[in-house]
Amino acid sequence: MTDTTASTDVWDLIVIGGGTAGLSASIFAAQRSSKVLLLDTADVLGGTLWVANGQLSAAGTRLQKERGIEDSPQAHLDDIMRLSRGTVNEDLVRLAVWNAADTFDWLMDQGFDVDPACPVDGVGHEPYSRARYYWGQQGGASVRKVLVAAVEQAVSEGRLEVRLQHRASRLLTDDAGNVIGVEATDADGAAHRFHATSTVLACGGYTANPEMYAELNGRPLYTNLPYRHSQGDGYTLGQSVGGTLRGGENFFCNFGFLLDSDQPKPGMVGRLNTYPQKRLPWEIYVNVHGHRFVREDMESVDARENALLEQPDQRYWVIFDQSILEQAPPFIAGFDSAAIAALFADNRPYFYKADTLEELADRAGIATEGLLSAIRGYNFGVASGNDFFGRKHLPAPIEIGPFYAIRAQGAAVSSAVGLSVDKSLRVVRDDDQPIRGLWAAGEIIGASQTMGRAVCGGMMATPALTFGRLLGQRLIPLGEGQ
Ligand SMILES: Cc1cc2nc3c(=O)[nH]c(=O)nc-3n(C[C@H](O)[C@H](O)[C@H](O)COP(=O)(O)OP(=O)(O)OC[C@H]3O[C@@H](n4cnc5c(N)ncnc54)[C@H](O)[C@@H]3O)c2cc1C
């Protein structure tokens, strides 16, 4: 590392991380001050918006009013409490949903290309009671485009300085432990010190860091979907000045990825179509013991996800036979039956084929007796119309080989655990006392806080945008620097 350089300037605000929350914080702060600094370790702005779907939820928006949809933040909160079974941080959810419409309306004013089908009540996740779910025509890129354009405008007006390839490596504190700035390392390894009245940690989650993911979530990282700079740096920075973590009890995962390897951070072969609303299942799902654990045609995605959460390693195997492979509509998005058959012929990891069920169980690593019993039970249901799990769609037994199994893995793309903040988004210590000079917004405060032990549509990206906006507006008193 080369010598440390220290700027003599004192910034009104330093934002660490130019993703969803940090871009928003920088834009709104730069409307009030010309001394705002945005640091990002990457060589581009945008953060997780490079990979995310960017689905947002907000109640009471102008778009809803234009469409005659009656909605309110209270109704949004009630839905989130219902969907999460009360596991969210209600103070933070209140702050998010009571300010979400202003955030969304602002995005629209900036030219956000909302999909004409929106708002809807839900897609892919448990639906809301009202249509308050939106996304751009290019997913996360639509949000990124709006934010980056506003940041570039602020830079061109001299109101914001952006330093890319600057990785925040240490928070600077005074003798009393208050945060007074940050040290960041540039691409050449040179360290730079920046001082500020206020510092916002907006450097995202830890879902691209296998070690931290395993430590905080208690299970391996089974996906490479998250943004590569989601390394959890902000957690280490926050803890280094007394911050504390919370939310591990709310770990939650999606219903299942088809992994393409057994390496750490595996990619995906494809996505199973497990939505009975789109395709009724012909297959059964079993856990490692060979036991079915959910009615496969269960309409509720939340119920399916909760059932998976209870299974060993959040893992299940999709089981079917040759006749189902040939007759059923394809169940991997983008693959026809021939392409699915080819995955088995290629000996892909986690795709198993065998002439007998015993052999299949052995190859796939499933308990043989359990699997045989599950299939006997399922075939009884098909013959009698009375499935033990109450499944209604019983098109064909699983009885004539070759037999097939595909291992699907539940994994989380968002960080459950977060840095503790109070309802003003100040980073707090163990005793709930704020660390002066330090705030946090975005995924770094934890999915556990705004979604709880569930997936509540849009309740990561929208709070990130909103909390960023609120901090940008609140941390700089009106009139300063104007
Ligand atoms: C595949 C996927 C799909 C998703 N879809 C949705 C969805 O549809 N709806 C929804 O609500 N949520 C969704 N999410 C979650 C949501 O997008 C994120 O939680 C949110 O965008 C995170 O915003 P953020 O600002 O906290 O972090 P990020 O957007 O990740 O920004 C953090 C920034 O900090 C930078 N950084 C990291 N470390 C440092 C450091 N030491 N110094 C300086 N800079 C640093 C990074 O480079 C990055 O630019 C999805 C997530 C994934 C992975």
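Data overview
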item: In the range 409-438, residue surrounded by the most Cβ atoms within 10 Å (Cβ to Cβ) [restricted to those that are among the β-branched types (Val, Ile, Thr) and not in a strand (DSSP E or B)]; result: Val417
item: Condition check for Thr41: of a type in the set (S, T, N, Q), assigned to a loop (DSSP other than H, G, I, E, B), within 16 Å of the ligand (Cβ to nearest atom) and crowded, with 18+ Cβ neighbours inside 10 Å; result: yes
item: Test: residue in the range 98-121 that is more than 16 Å from the ligand (Cβ to nearest atom) and within 28 Å of Gly248 (Cβ to Cβ); result: yes
item: The one condition in (1) away from the ligand (no atom under 12 Å from the Cβ); (2) closer than 24 Å to Ser448 by Cβ that Cys203 fails to fulfil; result: (1)
item: Which numbered condition Ser414 fails, given (1) under 26 Å from Ser198 (Cα atoms); (2) within 16 Å of the ligand (Cβ to nearest atom); (3) among the hydroxyl-bearing types (Ser, Thr, Tyr); result: (1)
item: Qualifying positions in the range 1-44 - at pLDDT 95 or above, more than 17 Å from Arg170 (Cα to Cα) and among the polar types (S, T, N, Q); result: Thr20, Ser24, Ser26, Gln31
item: Search result, residues across the range 220-257 that are of a type outside the set (Val, Ile, Thr), away from the ligand (no atom under 14 Å from the Cβ) and either assigned to a loop (DSSP other than H, G, I, E, B) or in contact with a strand residue (DSSP E or B) (Cβ under 6 Å, 6 or more places away or on another chain) (or both); result: Pro220, Gly242, Gly243, Phe251, Phe255, Gly256
item: Residue that is part of a helix (DSSP H, G or I), of a type in the set (A, V, I, L, M, F, W, C), under 29 Å from the mean Cα position of the chain (by Cα) and at pLDDT 95 or above, where the choices are Ile406, Ile444; result: Ile444
item: Number of the condition not met by Glu399 [criteria: (1) more than 16 Å from the ligand (Cβ to nearest atom); (2) in a loop (DSSP other than H, G, I, E, B); (3) buried (at least 24 other Cβ atoms within 10 Å of the Cβ)]; result: (3)
item: Residues located in the range 342-376, provided they are without any contact (Cβ under 8 Å) to a residue 60 or more places away in the chain and aliphatic (A, V, I, L, M); result: Ala342, Ala345, Ala354, Leu357, Leu360, Ala364
item: Residue under evaluation Gly267, criteria (1) under 30 Å from Leu371 (Cβ atoms); (2) of a type outside the set (Ser, Thr, Tyr); (3) touching a Pro at 6+ places or on another chain (Cβ under 8 Å), criterion not met; result: (3)
item: Selected residue (only one of Arg67, Arg94 is among the basic types (Lys, Arg) and either within 14 Å of the ligand (Cβ to nearest atom) or under 29 Å from Gly232 (Cβ atoms) (or both)); result: Arg94
item: Complete set of residues in the range 243-272 that are surrounded by fewer than 18 Cβ atoms within 10 Å (Cβ to Cβ) and either under 24 Å from Gly377 (Cβ atoms) or in contact with an Asp or Glu (Cβ under 7 Å, 6 or more places away or on another chain) (or both); result: Thr244, Gly267, Met268
item: Subset tally (residues that are in contact (Cβ under 8 Å) with a residue 24 or more places away in the chain and surrounded by fewer than 20 Cβ atoms within 10 Å (Cβ to Cβ)) for the range 331-341; result: 4
item: Residue check for Val88: more than 19 Å from Leu147 (Cα to Cα), within 16 Å of the ligand (Cβ to nearest atom) and within 19 Å of the chain's Cα centre (by Cα); result: yes
item: First in the range 463-475 and at pLDDT below 95, second anywhere and more than 12 Å from the ligand (Cβ to nearest atom) and of a type outside the set (Ser, Thr, Tyr), Cβ under 8 Å, 6 or more apart; result: Leu475/Asp12; Leu475/Leu13; Leu475/Ala29; Leu475/Trp439
item: Among (1) of a type outside the set (Asp, Glu); (2) assigned to a helix (DSSP H, G or I); (3) away from the ligand (no atom under 16 Å from the Cβ), the one test that Thr48 misses; result: (3)
item: Verdict on Ala196 being crowded, with 23+ Cβ neighbours inside 10 Å and over 29 Å from the mean Cα position of the chain (by Cα); result: yes
item: Selection from the range 61-102 of residues that are more than 24 Å from Glu443 (Cα to Cα), assigned to a loop (DSSP other than H, G, I, E, B) and touching a residue at least 24 places away in the same chain (Cβ under 8 Å); result: Arg67, Ile69, Glu70, Asp71
item: Close pairs from the range 450-461: first over 20 Å from Lys423 (Cα atoms) and assigned to a helix (DSSP H, G or I), partner more than 6 Å from the ligand (Cβ to nearest atom) and at pLDDT 95 or above, Cβ under 7 Å, at least 6 apart; result: none
item: Set Tyr235, Tyr285: member being over 29 Å from Gly46 (Cα atoms) and hydroxyl-bearing (Ser, Thr, Tyr); result: Tyr285
item: In the range 101-126, the residues that are surrounded by fewer than 21 Cβ atoms within 10 Å (Cβ to Cβ), under 18 Å from Ile69 (Cβ atoms) and in contact with a strand residue (DSSP E or B) (Cβ under 8 Å, 6 or more places away or on another chain); result: Met108, Val114, Asp115, Cys118, Val120, Asp121, Val123
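The values are calculated or read from the model by the stated rules, or taken from the named source; none is laboratory data. Quick caveat: nothing in here was measured; it's all calculated off a predicted structure. Every residue, glycine as well, gets a Cβ built from its backbone with ideal geometry; the counts of neighbours run over all protein chains shown.
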